[in-house]
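**Student:** Here you go, one structure.
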Amino acid sequence: MPWLQVRLAITPEQAQTYEDALLDVGAVSVTFMDAEDQPIFEPDLGTTPLWSHTHLLALFEADVDPAPLLAHLELLTGAALPEHQIERIEDQDWERSWMDNFQPMRFGRRLWIVPSWHEAPQPEAVNLLLDPGLAFGTGTHPTTALCLEWLDAQDLAGCTVLDFGCGSGILAIAALLLGAERAIGTDIDPQALEASRDNAGRNGIAPERFPLYLPEQLPQQQADVVVANILAGPLVQLAPRITSLVKPGGRLALSGILAEQAEEVRTAYADAFELEPTAEKDGWVRIGGVRR
């Protein structure tokens, strides 16, 4: 069915006021969008930042009269409305649209990431069936792609791999399908652990080969290979802990790092690792190395 959409141009300080007011006047949903393509690359932990110029989009049922709605909105906020726009939009099958845009992708020589609703383009290849759900990690982001390509190039036979910040489980599951004996996943988000567990089952991986932990429950045991695709700030802050999880002679791959942040991350790991040259893709980088 069609919808009535109200678009308001707001500042971050106005966000909570207008979100509450729009919900009070019957909005079915409220969404914040960047008005000027200003990426927020790395928010402080525990914060939910907004862009300096933000668009707030509220959906209402199509038969709502916008004039009294806007008047009531002014009464609730006690201020004149910011710049705004009213439009009628047609309904879409958003899930189907997203699924249609998520196609099989190849990484390195052997590995394909195949959405669970697609046929594998090369059945004889290493095919990872993926349904990311609400967790990060589909292969479409450059940082995930960099890590998948790195894993594809490794000899993982008999290795234990730790995926630090596992998200959808894509890196750990890829490692297992590429020959690792065991993988361990950890993430701060319980929903990510659930997505990892589901994706492991989808690929025929038994739970004992892929145990999953919240960080505070993670056993202090060293792995042959550690991959951490998170963010530069946490990678620097957690360098002692991540280092302690890599066996001497073990391999490390770090990503989630912007090109301009690479030197800071390299410095945090340089004493403990013989580092490889930095690999870059679309402004993001991967740093690999072997523990001294």
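**Student:** Looking only at segment 138-192, how many residues end up being polar (S, T, N, Q) and touching a Lys or Arg at 6+ places or on another chain (Cβ under 8 Å)?
**Tutor:** Count: 3.
**Student:** Would you check which residues across segment 170-185 are crowded, with 20+ Cβ neighbours inside 10 Å and either touching a Pro at 6+ places or on another chain (Cβ under 7 Å) or in a loop (DSSP other than H, G, I, E, B) (or both) and list them?
**Tutor:** LEU178, ALA180, ILE184
**Student:** While we're looking at this one, here's another question. What are the residue pairs meeting all of these: first residue in segment 227-247, first residue over 18 Å from GLY167 (Cβ atoms), second residue of a type in the set (Val, Ile, Thr), Cβ atoms under 7 Å, and 6 or more apart or on different chains?
**Tutor:** Once the first residue is over 18 Å from GLY167 (Cβ atoms) and sits in segment 227-247, its partners that are of a type in the set (Val, Ile, Thr) give VAL236/VAL265; VAL246/VAL226.
**Student:** Within segment 206-225, is even one residue without any contact (Cβ under 8 Å) to a residue 60 or more places away in the chain and crowded, with 19+ Cβ neighbours inside 10 Å?
**Tutor:** Within segment 206-225, one or more residues are without any contact (Cβ under 8 Å) to a residue 60 or more places away in the chain and crowded, with 19+ Cβ neighbours inside 10 Å.
**Student:** Criterion first (of a type in the set (A, V, I, L, M, F, W, C) and under 13 Å from the mean Cα position of the chain (by Cα)) does CYS159 satisfy it?
**Tutor:** no
**Student:** Quick check on segment 209-226. Is at least one of its residues part of a helix (DSSP H, G or I), of a type in the set (Lys, Arg) and farther than 20 Å from GLN154 by Cβ?
**Tutor:** No, there is no match, as no residue in segment 209-226 is part of a helix (DSSP H, G or I), of a type in the set (Lys, Arg) and farther than 20 Å from GLN154 by Cβ.
**Student:** Identify the single condition in (1) more than 23 Å from TYR213 (Cβ to Cβ); (2) open to solvent by 20 Å² or more (accessible area, probe 1.4 Å) that GLY158 does not satisfy, given that it satisfies every other one.
**Tutor:** (1)
**Student:** Looking only at segment 160-169, count how many residues are in a loop (DSSP other than H, G, I, E, B) and under 14 Å from LEU245 (Cα atoms).
**Tutor:** Selection size over segment 160-169: 1.
**Student:** Answer yes or no: is there a residue in segment 186-200 that is under 15 Å from ILE173 (Cα atoms) and not in a helix (DSSP H, G or I).
**Tutor:** Yes, there is a match, as at least one residue in segment 186-200 is under 15 Å from ILE173 (Cα atoms) and not in a helix (DSSP H, G or I).
**Student:** Hey, another quick one. On the basis of being at pLDDT below 95 and within 24 Å of GLU208 (Cβ to Cβ), does GLY167 make the cut?
**Tutor:** It is true that GLY167 is at pLDDT below 95 and within 24 Å of GLU208 (Cβ to Cβ).
**Student:** Identify, please: which residue in segment 164-200 is over 18 Å from the mean Cα position of the chain (by Cα) and charged (D, E, K, R) and is, among those, nearest to VAL226 (Cα to Cα)?
**Tutor:** ARG182
The values are calculated or read from the model by the stated rules, or taken from the named source; none is laboratory data. The model shown is predicted, which means the values in this text are computed figures rather than measured ones. For neighbour counting, all protein chains shown are included, and Cβ atoms are generated from backbone atoms with ideal geometry for every residue, glycine included. Remember, those area values only see protein heavy atoms, side chains included, never the ligands or the DNA or RNA. Shrake-Rupley method; radii C 1.70, N 1.55, O 1.52, S 1.80 Å.
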